[in-house]
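The values are calculated or read from the model by the stated rules, or taken from the named source; none is laboratory data. Predicted model, so just to flag it, every value in this text is computed and none were measured. Cβ placement follows ideal geometry from the backbone for every residue including glycine, while neighbour counts extend to all protein chains displayed.
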């Protein structure tokens, strides 16, 4: 059974600092991994999807890496802004079209 | 292209009543997933459906909960005889069949409060 862990559970950084968010998973046989953002009381916004054959994916200030063999993914957010304050979730799927297994999330606060 | 739509956004039910949550997937998407987020807990998978078929219901409670995705119309998550412990945010996601690596797109959620 896949278990996804995100440590730390909460993170506070000053504006402008780079953010590094960690995600680890126990079963390396994944189909893909998604990173999401969730604002309080809102739904999930998909940030990046990394295919199992990829090592990283980039979108603007966001970069996500994937190391299947060690069961880890890292989300980097460059030059953080107060608007980046949110909870960030990672999730894996085992096969095409399969359910997502979520980590507990990292709650990020970027202080102006 | 409208995103995943869910309604109602907020639903209040008394204990023992029925709750019906609706989800319309993104245009062109034929896979629907329901997840539940209990207060102070993570997101948990409930059920995965395609048109007229339940593919995986391994996360559904054995009693009182059911889901459907008919040939026409939205997907429905139905909770009978609600209890306080059913209070949670219920999210629907959809993905397409062809290409796109089955990226799941989420709706805004329905927040169910049982009084």
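Residues that are within 9 Å of chain A (Cβ to nearest Cβ) and either without any contact (Cβ under 8 Å) to a residue 60 or more places away in the chain or more than 27 Å from residue B:16 (Cα to Cα) (or both) number at least 2 in the following strands (runs of 3 or more DSSP E) confined to the stretch B:45-115: B:53-56, B:88-96. If you go through the stretch A:14-39 and keep only what is more than 11 Å from chain B (Cβ to nearest Cβ) and at pLDDT below 95, you end up with A:27, A:28, A:29, A:30.
Hey, does the stretch B:16-28 have a residue that's more than 14 Å from the chain's Cα centre (by Cα), at pLDDT below 95, away from chain A (no Cβ under 13 Å) and closer than 24 Å to residue A:95 by Cα? Among the residues of the stretch B:16-28, at least one is more than 14 Å from the chain's Cα centre (by Cα), at pLDDT below 95, away from chain A (no Cβ under 13 Å) and closer than 24 Å to residue A:95 by Cα, which makes the answer yes.
A quick yes/no check of all residues on (1) out of contact with any strand residue (DSSP E or B) (no Cβ under 9 Å at 6 or more places or on another chain); (2) surrounded by 15 or more Cβ atoms within 10 Å (Cβ to Cβ):
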site: A:47; (1), (2): no, yes
site: A:50; (1), (2): no, yes
site: A:60; (1), (2): yes, no
site: A:65; (1), (2): no, yes
site: A:70; (1), (2): no, no
site: A:75; (1), (2): no, yes
site: A:87; (1), (2): no, yes
site: A:93; (1), (2): no, yes
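Counting only residues that are closer than 24 Å to residue B:96 by Cβ and part of a strand (DSSP E or B), how many does the stretch B:1-36 have? Count: 15.
Taking the stretch A:42-101 as the region of interest, the strands (runs of 3 or more DSSP E) fully inside it that hold 1 or more residues being closer than 20 Å to residue B:92 by Cα and more than 9 Å from every other protein chain (Cβ to nearest Cβ) are A:44-51, A:86-93. Taken over the stretch A:1-14, residues that are assigned to a loop (DSSP other than H, G, I, E, B) and surrounded by fewer than 14 Cβ atoms within 10 Å (Cβ to Cβ) amount to 5. Reported count of residues in the stretch A:15-44, each being within 30 Å of residue B:6 (Cα to Cα), under 15 Å from the mean Cα position of the chain (by Cα) and exposed (fewer than 15 other Cβ atoms within 10 Å of the Cβ), is 1.
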